[in-house]
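First up is the structure itself, then whatever we jot down about it.
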Amino acid sequence: MGEAMSPYHRPMATTWWLTNRAYFLFMVRELTSVFIAAYLILFLLMLYKLAMGREAYEAYLHFLASPGMVVVHVVMLAAALFHTVTWFNLTPMAMRVRFGERSVPPLIVVGGTYAAWIAASIAMTSIVLWWK
Amino acid sequence: MPAATMTLEIFRYRGEQDPTPVFQTYDVPYREDWVVLDAINYIKDEIDGTLSYRWSCRMGVCGSCGMMINGVPKLSCATFLKDYYPAPVRIEPLAHFPVERDLVIVLDDFMEKLTSIKPWIIREQEQPLSEGEYRQSPAELDRYKQFSMCINCMLCYSACPVYGMDNRFLGPAATALAQRYSMDSRDQGRSERQQIVAGDEGIWECTLVGECTVVCPAHVDPAGAIQQAKVSSTIDWFKSVLWPWGKR
């Protein structure tokens, strides 16, 4: 053995997520959480205005109907869809569903999440329409 | 017609001569049946004997020859020149690890992590030899077999930006191997391993980029191992809260 040689450390570039498509899509998926959080804040504000009374609530609804807020909602919906679809597609990685000695094919697990999504959406829509 | 050649740009670091690494360009004969490791062996034998790198089996079993090939962690013995020809290929040591020399990385960190998860079958009480072997059904084997295929090549660590940013993270292969033993019907050491696996630097650091599974040459699916460990660790937590008198 010769003299000690110090190992070379390569720092990670801040642009690491631009070096590969998968890293980029991962960052997009993470970023969509921000839009989902933003939507929840708008939703909580709506509940707050509702508690303040009819006038405040209707003024808030009017604000939400402005063209700028409609665009914001379209962007938030797109982000929420991307978030949902990418996570649903990753479900089989986290869940190995077994029936006795046989494991359920990944496509069925993914299909199950979409089926639950559709069922929940139908249930929510029915409740809203029922109470109208 | 002159024989076809191919250019390799290789990361060189010889700390005792120069504290900054450089890329050195080599022209090697192009052969359709050559992998990157063949080209590097040609350089070592015919052009420049000072080039340092690790390799052993040449057939994807030993896990020694992992390198960054055009920025992607790959086994150089399983990466064909023809997939890049005629463009030059850039070869660097595995990302996120310190470089000892040229393409040789310092792998102590991975070795310590591997040891920390106790990759062997733990028994509360060893049964005497006269009792015979610990038996296992094919279905029980099937539960962990995929995770046992790991060849410790560390490509998954090089693909993991979480490990790149903070190397205290236990990382993909060590978690997959912890799962390999904890899911083994003959093992009784899961709670010991969980201290590390579900600890501060364990599975909860993972943000599921998923590239560890993509680059794995042995189809281990370490990202799956980590997510499944998260599910079972969550179940442990609910059990401890809802059923504190139950057996842990």
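The values are calculated or read from the model by the stated rules, or taken from the named source; none is laboratory data. Predicted model, so just to flag it, every value in this text is computed and none were measured. FYI the Cβ positions are ideal-geometry reconstructions off the backbone, even for glycines, and counts take in every protein chain you see. What goes into the accessible areas is simple: the full protein's heavy atoms, side chains included, and nothing from ligands, DNA or RNA. Shrake-Rupley method; radii C 1.70, N 1.55, O 1.52, S 1.80 Å.
Run down B:ILE121, B:ILE40, B:ILE47 and say which single residue is surrounded by fewer than 19 Cβ atoms within 10 Å (Cβ to Cβ) and assigned by TED's automatic domain parsing to the domain that holds B:GLN17. Explain how you work it out, then say what you get.
On the way: B:ILE121 fails: assigned by TED's automatic domain parsing to the domain that holds B:GLN17; B:ILE40 fails: surrounded by fewer than 19 Cβ atoms within 10 Å (Cβ to Cβ).
Result of the check over B:ILE121, B:ILE40, B:ILE47: B:ILE47.
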### Message
Among the residues in segment A:101-121, are any within 19 Å of B:VAL231 (Cβ to Cβ), open to solvent by 60 Å² or more (accessible area, probe 1.4 Å) and not in a helix (DSSP H, G or I)?
### Response
yes
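Going by the structure shown, is B:THR7 part of a loop (DSSP other than H, G, I, E, B) and either assigned by TED's automatic domain parsing to the domain that holds B:PRO88 or out of contact with any helix residue (DSSP H, G or I) (no Cβ under 8 Å at 6 or more places or on another chain) (or both)? Steps first, please.
Values: part of a loop (DSSP other than H, G, I, E, B): no; either assigned by TED's automatic domain parsing to the domain that holds B:PRO88 or out of contact with any helix residue (DSSP H, G or I) (no Cβ under 8 Å at 6 or more places or on another chain) (or both): yes.
No: the conditions fail for B:THR7.
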### Summary
Per the list (1) closer than 30 Å to B:LYS145 by Cβ; (2) touching a residue at least 12 places away in the same chain (Cβ under 8 Å); (3) more than 10 Å from chain B (Cβ to nearest Cβ); (4) more than 16 Å from the chain's Cα centre (by Cα), residue check on A:VAL104 breaks on (2)
### Query
Got a number for residues in segment B:99-118 being within 11 Å of chain A (Cβ to nearest Cβ) and open to solvent by 50 Å² or more (accessible area, probe 1.4 Å)?
3
### Query
Restricted to segment B:86-98, and to residues that are within 14 Å of chain A (Cβ to nearest Cβ) and open to solvent by 40 Å² or more (accessible area, probe 1.4 Å), which residue is farthest from the chain's Cα centre (by Cα)?
B:ARG90
### 1 or more residues among the basic types (Lys, Arg): qualifying helices (runs of 4 or more DSSP H) within segment B:100-162
B:108-116, B:138-144
#### Entry: Matching residues, segment A:61-96, being surrounded by fewer than 15 Cβ atoms within 10 Å (Cβ to Cβ) and within 11 Å of another protein chain (Cβ to nearest Cβ)
A:TRP87, A:ASN89
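Only residues that are away from every other protein chain (no Cβ under 11 Å) and of a type outside the set (A, V, I, L, M, F, W, C): list them for segment B:145-157, please.
So the first thing to find is which residues in segment B:145-157 are away from every other protein chain (no Cβ under 11 Å), and the list is B:145, B:147-157.
Scanning segment B:145-157 gives B:LYS145, B:SER148, B:ASN152, B:TYR157.
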### Message
Among the residues that make up segment B:78-85, is at least one of them within 14 Å of chain A (Cβ to nearest Cβ), among the acidic types (Asp, Glu), over 26 Å from B:GLY202 (Cβ atoms) and open to solvent by 40 Å² or more (accessible area, probe 1.4 Å)?
### Response
no
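Which of the helices (runs of 4 or more DSSP H) contained wholly in segment B:164-224 include at least 1 residues that are out of contact with any Gly (no Cβ under 7 Å at 6 or more places or on another chain), surrounded by fewer than 18 Cβ atoms within 10 Å (Cβ to Cβ) and more than 14 Å from every other protein chain (Cβ to nearest Cβ)?
Working: elements: B:172-182, B:190-197, B:211-215.
Fully inside segment B:164-224 and qualifying: B:190-197.
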### Pairs with Cβ under 6 Å, 6+ apart, first in segment A:31-60 and within 19 Å of A:HIS83 (Cβ to Cβ), second in a helix (DSSP H, G or I)
A:THR32/A:ALA79; A:THR32/A:PHE82; A:THR32/A:HIS83; A:PHE35/A:MET76; A:PHE35/A:ALA79; A:ILE36/A:ALA80; A:TYR39/A:MET76
### Task
Name every residue in segment A:29-53 that is charged (D, E, K, R) and open to solvent by 50 Å² or more (accessible area, probe 1.4 Å), in order of residue number.
A:GLU30, A:LYS49
